[in-house]
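All of the numbers you see were taken from the coordinates with simple rules; none came from a lab. All values reported here derive from a predicted model rather than from experimental measurement. Positions of Cβ are backbone-derived with ideal geometry, glycine not excepted, and every protein chain shown enters the neighbour counts.
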């Protein structure tokens, strides 16, 4: 067992010890228990052992076939060896000796299924029923008779024992696999004609006959699949299957179902990039053969965001991606040559130049992994089986194991055509490895080509900033220029543009403003991208320490990966969130190493900026780095250390951007409840971004709507949670009406004596009963929290919360929470059946996507009269250019209700006039309430032709007039400055006196020194800088921004 696997096993054991110690306190004295639990203090944060054990797994897609009650859809690019999700299983036959499986392989249409493997043995098919040829690939039907060679040379014969029939995702509504319905009538249309149709999914029906020799247990099931076949190629104007790196990356950007959904990829650059990827590169290991320069073969599931997918794909071609003028440009690594010529006369100010990197930032070799199809891996892209042959042939694709495997180290040394290891010598003989995990690369030759580019990009060290005139405006990122500078003895020095920024300066004498453009550049050379096939190594050239001989200096860890964002943050019982960076790695193969040291710094802070995060026991392969700011950029490094104090060199990842993590999820409840305070409903806070464990019929996760969307005639059942007989529980359900319609709504609890993933009144084991808190009832339009009490019956140990909408309105739920009472009188009188259908005040933002820290401006638009630019700016939220405007999505308002409106922002030039803060309203719904839409009534200006000073919150009050049901908030910049906003919100009052005096026109908030009697400084100490916390004291609701 590798140390990485052992670490996970020990953590899982630690979680078990924690449970055991609860029942047997004497166990706490065990030295093993002390050691394991002590190692769980990582980065200054103490976590439950089971939580860290869970965090050890990363989302790599489904590699083997598993059975799950609810699973994310798989997405496959190129050719992959994958498992699937078993959604149905049964036994049939007179002796129940036939296993029937329905297995979903991908959530989209696929080009073809190449092979099926049972326990690593390929199934060969005979012509006949179920056997089809699709895009030149034959698959399916009944297994052909005949002896075949499997792993380790063992012979096998699946003849007549296996049947498989497939659908590729293009099946018509109502289509079912007849072979399955003939063998198992349960998988057929019901009395109402509803069929188990798996629309849009690639899936198979697999039948396996019992045979104790062939299948001593249920077999491991895998498939070789050629994935997505709707990939656009602008060179031909058609869609189809492709593993061209550029076309696949562009597909992630444009795919409206699984990707970013943006159709703004620049087509001319995409054509150039695709052509580069298709260039044939000779292979040294097999003379006379070649392969495409950059291919992409990858699979993942929809729990992985499109941004994370792109981050994984880009290194496969040492690629770069940029949004320029509203269009996406992507570049695989290739030398473009100089397109521009400039000298010092082109500069508009003195330029800065840094000729060398910090020693800490230098690398002199590249190590890492690629995805090898099988042992003995691949040689120059050709695939072998474990015996070196398959069915009398060599260099074939059996059995496509697709295993992450060490690649040959790349360095500028004798192995790669250099007289000596020049960069190692330049660095004083100290190895500085760059660890690269290529999850999309199958070819060992492609890995080496990319590794060389990454190394030489690092060794061409010079970087600088050139402020230039209008003649340089034509340059964009990745363009190359010849630049001459007598002062630096440069003649046509090659500089590559890696960033462009614009600035407008006022002239002191009152003349016309000056437009200045700055180019961030780095030195480059054609040699970075040149490749000599003779430098190509095989998997057998991977360096290894001789058995039994430990080097004088331990090797560093490898395969370091960083993760961050809401899914990795530490969430307190009160909903407070601590953002972290999760670092994972593979344990170094050195028996004397006892710990891994972890350090981090703010990028660009220099050597003095390094801070120790933690030293982690060698048995653990994970560290959580706290003390960071969400959205900040950091450098992280790790090293191995022995008990003697000898340490390895550092393995470092630079310029990692910590993904956005809100500092608070929900509201702080009044300090009355003294129970466990935990949400017993897993994933009941949908702000976390998933429905894991929920059983849904029509319900979906919808971040743009605020959580879980339940359309008409739909339902959602929470994951089962444990309850105690006789205990009383408070249940709170927070929801709103997203789209109006008829309302037949149920809030229900099911309970039972036996655990099942979701309890319902269907025939499930142990089901006992249910209770409706809301029966065929109504819900308010705005977000409202509905509160109920429930006493757990005797003999009941598990429960599930269910939400139904049998009408036509679409509902959205942001929280479902269950908490048990610590004392019978704690909450006062029961509230079940007394819950008023009135809004009781929450911290919900009625303005969709009004908190721009969430990372988008979905639904926002510009006033047609003022069409200046509105863009999402990660540094501050939304930015509005001169003569521009931004209008929020429409939100529901109630006539006669009073609202508090807030705009948090500033001007680039403080105090410049021309700013308007406005509300526009009407009687009918439109995506944005602006002049000219049906039902538009008028507008009201809170700030008219004013100015903004410094980042602050401008607060106003507004009373909704009669006959008004919808409103939009708007910001205008009719002057020459830029405006930036991080938050825009509207909240309705709980009572007329809730906020005290109106503040319209005063731009101030009440009670700024104390919040509910708590000094503001105390609150500031627990709110990370740059974040906002929403505080509900029961009487008043506050929004606090830490700056």
Problem - Computed FRET value (nearest 0.05) for residue 135 with residue 418, which takes r as the C-beta separation and R₀ as 60 Å - result: 0.85
Handout entry: Estimated FRET transfer efficiency (residue 218, residue 181; beta-carbon r; R0 22 Å; 0.05)
Key = 0.45
Exercise for the section: Round to a whole angstrom and tell me the spacing of the C-alpha centers of segment 144-204 and segment 222-247. Expected result: 25
Practice task
Over all alpha-carbon pairs in segment 232-331, figure out the percentage whose distance exceeds 21 Å.
Solution key: 33
Exercise for the section: Specify, per residue and in Å³, the volume enclosed by the convex hull of the alpha carbon atoms belonging to segment 303-371. Expected result: 217
Problem - Residue-span extension gain [residue 771 to residue 976] - 0.36 nm each, minus C-alpha spacing - result: 67.7 nm
Problem - Residues in segment 247-282 that a label on residue 327 would reach, taking backbone N under 11 Å of a point 7 Å out along Cα→Cβ - result: 264-271
Fill in the blank from the handout: In whole angstrom, the spacing between the Cα centers of segment 287-344 and segment 890-912 equals 41
Completion exercise
Per principal axis, largest first, the Cα atoms of segment 686-820 extend in Å by 41, 27, 23
Completion exercise
Taking r as the C-beta separation of residue 806 and residue 95 and R0 as 35 Å, the FRET efficiency to the nearest 0.05 is 0.20
Fill in the blank from the handout: Rg from C-alpha atoms of segment 71-228, normalised by the globular rule of thumb 2.2 N^0.38 Å, equals 1.02
Practice task
At 0.36 nm per residue, minus the direct Cα-Cα distance, what do residue 170 and residue 525 gain on full extension? Give it in nm, one decimal, please.
Solution key: 123.0 nm
Practice task
Report the far tail of the P(r) of segment 210-284, meaning the percent of Cα-Cα pairs longer than 21 Å.
Solution key: 44
Handout entry: Label-point separation in nm, residue 320 to residue 908, each point 7 Å along Cα→Cβ
Key = 2.3
Problem - In Å, descending, principal axis extents of the Cα set of segment 407-494 - result: 46, 34, 20
Handout entry: Percent of Cα-Cα distances greater than 24 Å, calculated over segment 174-314
Key = 54
Problem - Sorted peptide list for 554-565, 968-979, criterion being average Cβ within 10 angstrom, highest first - result: 968-979, 554-565
Handout entry: Whole-number D in µm² s⁻¹ for segment 67-138, Kirkwood Cα-pair radius fed into Stokes-Einstein, 4 °C, 1.567 mPa s
Key = 89
Problem - Peptide ranges 304-314, 242-252, 334-344 listed from the most packed, as the mean C-beta count within 10 angstrom indicates - result: 242-252, 304-314, 334-344
Exercise for the section: Evaluate the distance, in nm, between pseudo-label points positioned 7 Å from the Cα of residue 607 and of residue 941 along their respective Cα→Cβ axes. Expected result: 5.8
Fill in the blank from the handout: Cα gyration tensor of segment 558-657 diagonalised, 5x eigenvalues square-rooted, in angstrom largest first, produces semi-axes 24, 16, 11
Exercise for the section: Starting from the Cα of residue 697, step 7 Å toward the Cβ, then list every residue of segment 182-211 with an amide N under 18 Å from that point. Expected result: 187-199
Practice task
Give the distance, in whole Å, between the Cα centre of segment 116-133 and the Cα centre of segment 693-759.
Solution key: 42
Problem - Simple spin-label estimate for residue 280 and residue 209 in nanometres, 7 Å along Cα-Cβ - result: 4.6
